[in-house]
1. With everything on Cα atoms, drop me the angle between helix 430-440 and the longest principal axis of the chain, reported from 0 to 90° to the nearest 10.
2. What list do you get for Thr272, Thr286 if you sort them by fewest beta carbons within 10 Å?
3. The stretch 431-460 to the stretch 99-138: how many Å between their Cα centroids?
4. List the residues whose amide H sits under 5 Å from the amide H of Gly38, counting only those 5 or more places along or on another chain, with H placed 1.01 Å from N in the peptide plane.
5. Among 216-223, 551-558, 371-378, 356-363, how do they line up from the highest to the lowest mean number of other beta-carbon atoms within 10 Å?
6. Kindly put Met201, Met50 in sequence by how many other C-beta atoms sit within 10 Å of each C-beta, fewest to most.
7. In units of 2.2 N^0.38 Å, what is the alpha-carbon radius of gyration of the stretch 384-531?
8. Output wanted: per-residue J couplings in Hz (rounded whole) for the stretch 72-86, from phi through Karplus 6.51 cos²θ - 1.76 cosθ + 1.60, θ = phi - 60°, x for Gly and Pro.
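Readers should treat all values here as calculations from the given coordinates under stated rules, not as data from a laboratory. This structure is a prediction, so every number in the text was calculated from the model and none was measured. In this analysis, Cβ positions are derived from the backbone assuming ideal geometry, glycine residues included, and neighbour counts consider all displayed protein chains.
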Amino acid sequence: MSRHNTDDLLRSLRQGEEWFRAVFEGSAMGIAVIDMHGRFIEGNTAFLRMVGLTPEELRDLPLAALDHPEDHPRDEQLFRGLVAGDLAHYQLEKRYLRNDGTAFPVRLTASVVRDPTGRPRFCVAMVDDVSQRNRAEAEREVLEERLRHLALHDPLTGLPNRLLLAERMLEATRSLADEPGARCAVLFLDLDRFKNVNDSMGHGAGDELLRQVAARLAACARPEDTVARFGGDEFILFLPRVGGPRDALALAERVREVLAAPLELGSYHAYTSASVGIALGEAGDTPDDLLRNADMAMYHAKASGGPPCAVFDRSMHRAVVERLRLETDLRAAVERGELTLFFQPIVSLATGGVAGAEALARWDHPVHGRVPPDRFISLAEDTGLIGALGGWVLNEAARQVSEWRASFPSAAELEVSVNLSAQQLREPGLVDAVADTLHEHGLPPGALKLELTESSLVEDPVAAAGVLRALKKRDVQVYLDDFGTGYSSLSSLHRLPLDALKIDRSFVAGLDGGSTGAHKGAEIVGTIVALARSLGVRVVAEGVETREQLHALQLLGCDFAQGYLIGRPLPASEFASAFLGASPLQV
Ligand code: C2E
Ligand code: MG
Ligand code: MG
């Protein structure tokens, strides 16, 4: 188009179309007038400001000069459509270039203005700078993404949470239907003794441990797997495709290996391990089913005390239901008076007299009959009932021995041993509770011995030492139960203010039988006695079943003995008549 024609156009615009001028100048939106050859004629103030040009610079500029090179071909095609009359107008988002070469996003509406004969005269482009809007949108997207992340991830570890896990599991289990025979796997991990770390080293250390565990787990997984935090110390590894249980077990093994390396928590080294339950899923399984099955398998692994990994099978379901029922019953057992104490005599090997009795808890279940303590003590520990149960045992043992002391002259100095579980040791009020109980029943502190297992002491030696010292201050003695079955090193024993070691019955059993075996057994027991002497503590032998054992123990310098040979655990009344003389004092 020649300059002449352009001037014509401008003139006619300026003269005849006042309304247009008003809009044109006053608009906050950029408006440009373009001739039918694709050259700018003029732009309003907003447009000129947007592209950074003066009216003179804009004039006659081809469309391409302002178009982003990548957007131009499409724009030009549309423009040709407009000129040819194929399009009445068009609208698109594209990028313009400023004078300085920088690009910015615009929303453009282009239309044709025709003369009365229908001949196209010029184009009008209305241009909106949308960089502001785009920025706001981008910000909103980032925020939304962050919100989604927050909603689907665990804030502590950054791992996917239950919600995201469920989402991914649902997707994967659904797609199993398309692949006959395909399976997925859920590994349910529960950290062993995590509560100890939290209780003894504080929540900060607990959090740090969880973070480090999370990082290690994430490193074990393949990109297609999901590692999620399920609850407090529970993690899930979800494998959307596995060949079979072997794959899942191999991963479980790797996870356990990775977790075995010490964790650095500030200046401490902490050790952690996990019990793992595995469930395989097929088409038709729901995420809930799989998680529940894996949880059951984990529970089974933990409760069995056997291998730390277990693959779910149907029989576990029954075992868990059974345990749940027992748990409910145990809650009521204390109140319903279904718990009783049996007493087993402990004799002095020097005098042959009954020096004390060990109180052993029994549960007479209305349906299952007598449930052994090995089953319900661990249940009470797992369910937090041990505090109430242990409190009852302590009080009942003290009450009973105080009654015997008052009733039988031979029992005036009778001592009672009470077993404490590791968890009771961590209860902050333990020492006071012990002192209160003694006081309430009018017993001197020497009347009570507390038995602790090695494992409960090594679990948290620092805290244990503190409690033991506090008990010692109050003259309550502490016995180390089942000695030899734990892992206590000599050095850790040295630091604990213990009063006696109870040799585990497995060593006592080694004292008879073939002559070489008995010799070996005697060597072990002799060593334990020597160790006890060096620590300045006494020795009680457990599980004495034969005269031969008793004799050997006497020769080896053992102080006390306990076992079926001397007497089985008995109900209080039977214990009294068998060991405390037939006729109680009349009081
Ligand atoms: P423990 O403290 O080592 O108690 C000794 C266990 O050995 C008792 O088992 C006792 O019946 C058994 N025993 C005693 N003499 C012999 C023997 O000559 N031969 C054999 N084979 N066994 C003998 P019980 O009563 O079944 O208790 C098992 C464990 O349960 C106890 O081991 C103790 O750790 C725990 N326990 C019992 N009562 C309580 C309690 O009130 N609180 C806590 N925390 N634990 C308890
Ligand atoms: Mg004991
Ligand atoms: Mg024992």
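1. 40
2. On the way: Thr272 20, Thr286 14.
If I rank by nearby Cβ atoms, fewest first, I get Thr286, Thr272.
3. Using only Cα atoms to place each centre, the spacing works out to 87 Å.
4. Under 5 Å from the amide H of Gly38: no residue qualifies.
5. Values: 216-223: 14.5, 551-558: 18.2, 371-378: 16.1, 356-363: 23.2.
Result, highest mean first: 356-363, 551-558, 371-378, 216-223.
6. Met201, Met50
7. Details: Rg = 16.9 Å, N = 148, 2.2 N^0.38 = 14.7 Å.
So the Cα radius of gyration is 1.15 times the expected 2.2 N^0.38 Å.
8. 4, x, 5, 5, 5, 4, 4, 4, 5, x, 5, 5, 6, x, 5
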